[in-house]
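*Asks:* Below you will find the structure I want to go over with you.
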Amino acid sequence: MPLTLDPTLYLPPPLETGISPKAANALALVFAASYVGSLYVAPLVFPWAGRTPKGDSTTAEDAASHIPVGHRDHPATMKMRMRAVSMATRLSILGVYWTVKQVGGYDVRGALVPTLRLLGLHSAGSQMPLAYLLAPTLFLGPLFASWLDCTLPGQAHFGQWRWGLAERRNYLVGPVTEELLFRSCILAVSILGGLPASWLVFGTPLWFGLAHAHHALQTYRDGGRTRDALWRAGLGCRMFTPQQLTPVFQMSYTTLFGWFASYLYIRTGSVLPPVISHIFCNVMGIYGPGTASRRHPKNKLAISVAYLAGIAGFIWGLTKL
């Protein structure tokens, strides 16, 4: 698994002086804190942001919702949070642009191209199509299990696809903003800081994992702020469902995904493969082999082979990327 950067991410001569590693980590902290902080500050600073504009088609959805106001899945809260993280992402991108402009001594227009290159926004990474196939390969087992369930597109139990606020958050706004901020912006300043490739892949995703630790607070609040809720928030030993991942498990999962996404980024020089992989993983969710085997006991061997083949293919693909 070569930990080398795509040539498009090499710093041009005006940026070779870069910034200090401390400054790079400080900017990464600011970016990550701005994303998480926006989820909690926005309702206080912009209480109007979650309101439904006059004539908005989601008015009925708001009125019909039985989820408590303020809960992360309440329609008004989802709309407000999507606006908040989108703003935090834009400001972070501007922060990278300003840093590039100052360090390189560029004028306003001259800083655009090097900024877009560092952010992985100049290409689609099409020179390495394997980057787009690694996530589906890893999910070969869950895909096979879903095929047995007849829930894949075109099968009997696929059902009618619904596109609402939750889907927009989970499959569009969330993946795009998280990858632009936690991948593009944080990796850009880390490269400017001269941090080694090993840190780019294995170190920077810690910001992504830590940023999801705030779900522990949400678990504690949703559980009524009781001692049992505090226990679940800290250890999560009683909450192992795909829809409500435990904070500890979620932090581990997001950090592991962050390693993968960061590797895709530095090898392709593009943020698009991480974004597409993130969307795919969110759509698939967590479908363990144990659950699949219990649903289809007659296909237990085939399910085990599919899961193992997916893992083996994924590892092989990483070495070839």
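The values are calculated or read from the model by the stated rules, or taken from the named source; none is laboratory data. Keep in mind the model is a prediction, meaning the values are calculated, not measured. Don't worry about glycine lacking a Cβ; one is built from the backbone with ideal geometry, like all the others, and counts go over all protein chains shown.
*Asks:* Mind telling me which of the residues R168, R183, R109 ends up being free of Cβ contacts under 8 Å to residues at least 24 places away in the same chain and among the basic types (K, R)?
*Replies:* R109
*Asks:* Could you pull out the residue among T77, T137 that is assigned to a helix (DSSP H, G or I), surrounded by 18 or more Cβ atoms within 10 Å (Cβ to Cβ), of a type in the set (V, I, T) and at pLDDT below 95?
*Replies:* Exactly one residue qualifies, and that residue is T77.
*Asks:* Here are some residues: S184, S198, S190. Which one is touching a Leu at 6+ places or on another chain (Cβ under 7 Å), at pLDDT below 95 and part of a helix (DSSP H, G or I)?
*Replies:* Only one candidate passes the filter, namely S198.
*Asks:* Now a separate question. Any residue in the stretch 82-101 that is more than 17 Å from the chain's Cα centre (by Cα) and either within 22 Å of G310 (Cα to Cα) or not in a helix (DSSP H, G or I) (or both)?
*Replies:* No; the residues of the stretch 82-101 include none that is more than 17 Å from the chain's Cα centre (by Cα) and either within 22 Å of G310 (Cα to Cα) or not in a helix (DSSP H, G or I) (or both).
*Asks:* Could I ask something else about it? Determine whether the stretch 279-296 contains at least one residue that is surrounded by 19 or more Cβ atoms within 10 Å (Cβ to Cβ), polar (S, T, N, Q) and closer than 22 Å to G125 by Cβ.
*Replies:* For the stretch 279-296, residues surrounded by 19 or more Cβ atoms within 10 Å (Cβ to Cβ), polar (S, T, N, Q) and closer than 22 Å to G125 by Cβ: absent.
*Asks:* Give the residue, chosen from Y253, Y307, that is assigned to a helix (DSSP H, G or I) and buried (at least 21 other Cβ atoms within 10 Å of the Cβ).
*Replies:* Only one candidate passes the filter, namely Y307.
*Asks:* Also, quick follow-up: Spot the failing condition for Q155; the list is (1) surrounded by fewer than 17 Cβ atoms within 10 Å (Cβ to Cβ); (2) in a helix (DSSP H, G or I), and only one is missed.
*Replies:* Tallying (1) surrounded by fewer than 17 Cβ atoms within 10 Å (Cβ to Cβ); (2) in a helix (DSSP H, G or I), Q155 fails exactly one: (2).
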